[in-house]
Amino acid sequence: MVTTLLVVVVILAIAFDYINGFHDAANSIATVVSTKVLTPFQAVLWAALFNFAAYFYFTDHKVANTVAKTVIENYITLEVILAGLVAAIIWNLLTWWYGIPSSSSHTLIGGFAGAGMTHALLTGASPLDAVNMGYVVKIVSFIVLAPVIGMVISVVITLIIINICRYAKPATAEKWFKRLQLLSSAALSFFHGGNDAQKVMGIIATALIAAKVIPNFEAMPGWVPVACYSAISLGTMSGGWKIVKTMGSKITKVTALEGVAAETAGAVTLGITEHFAIPVSTTHTITGSIVGVGIVKSISAVRWGVTINLIWAWILTIPVSATLAAIIYAAIYFLK
């Protein structure tokens, strides 16, 4: 049955998807802007186009299904989803305001899990009974694995490119790599859209199931993916300029060659994880890839102080989002 609370939850989910878009716009456009291949305005339009193009390719919705199953169905209510979304939006806006490229994906999952665990606790069950530990362990492990995989692939691609182009004229190589960056940034935006839009699709589908509008995940209506891909694309068009600065220059200075390597590595990593239905962080992935191209130059080329600060933000995202969601859900529970 469609209720006011369900409508509010769906609107908040789509709003989160929009915020995710401008929060994570830097992932797709930071290097292409810092190398001056595209202007910021051109870059966000380019990224948004390929964010939405993913809608036509990613039709199995495996990542969305993983997110939907993070919390056990018996402990999912519309209030749980509402608390998780509000917590995720608060953390996303705070990190965006301070220019911290945290993970929108882990914010959403942390908020959802935290609210579900609190619901279990307040209804006399163990908090751990509310979460599917197999899915949670997989998601948490890729906080470490995704950036490491991105970094390794980035190092390999950079070394291959350097060896192939070692006799090329620098000016000619630079011209070609600036052209290739259009393709690599498009690929990254494509897989970013395919991975991140699905996470909100999973949340909306879960809300529809909790409200008994649909019987199961497979019955998710067609408007849900359209709305999610549209929202993330519009969000990307809004940009996230504070985070662009961090990603494009503060970690390491990126050339066109390195931009191609980092973006390609990020796209490959996201493609692999999407294939295995793992909802990873695009932010973590591209950060690891950018670190990888920096390491090829020298260890000192990477600003490790900035990188370590980012890692702390990654570590804190899930527990902070979960705690915020727990507080919000408890308030809703006792005020009902």
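The table that follows gives values for the structure above.
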{"item": "Odd one out for residue 51, checked against (1) within 14 Å of the chain's Cα centre (by Cα); (2) modelled with pLDDT under 85", "result": "(2)"}
{"item": "Options 49, 94, 45; residue that is free of Cβ contacts under 8 Å to residues at least 24 places away in the same chain, among the aliphatic types (A, V, I, L, M) and open to solvent by 40 Å² or more (accessible area, probe 1.4 Å)", "result": "94"}
{"item": "Boolean, residue 86 is part of a helix (DSSP H, G or I) and either of a type in the set (Phe, Trp, Tyr) or open to solvent by 30 Å² or more (accessible area, probe 1.4 Å) (or both)", "result": "yes"}
{"item": "Residue 162 vs. criteria touching a residue at least 12 places away in the same chain (Cβ under 8 Å) and over 24 Å from the mean Cα position of the chain (by Cα)", "result": "yes"}
{"item": "Test: residue in segment 119-138 that is touching a Gly at 6+ places or on another chain (Cβ under 9 Å) and aliphatic (A, V, I, L, M)", "result": "yes"}
{"item": "From the options 146, 115, residue that is in contact (Cβ under 8 Å) with a residue 24 or more places away in the chain, farther than 28 Å from residue 258 by Cβ and of a type in the set (Gly, Ala, Ser)", "result": "115"}
{"item": "Answer residue from segment 52-82, given it is outside any helix (DSSP H, G or I) and open to solvent by 20 Å² or more (accessible area, probe 1.4 Å) and is farthest from residue 331 (Cα to Cα) among those", "result": "57"}
{"item": "Residue within segment 220-241 that is modelled with pLDDT of 80 or more, touching a Lys or Arg at 6+ places or on another chain (Cβ under 9 Å) and assigned to a helix (DSSP H, G or I) present", "result": "yes"}
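The values are calculated or read from the model by the stated rules, or taken from the named source; none is laboratory data. Predicted model only: the values in this text are computed from it and were never measured. Neighbour counts are summed over all protein chains in view; Cβ atoms, including those assigned to glycine, are modelled from backbone coordinates with ideal geometry. Note: accessible area is taken over every heavy atom of the protein model, side chains too, but ligands, DNA and RNA are not part of it. Shrake-Rupley method; radii C 1.70, N 1.55, O 1.52, S 1.80 Å.
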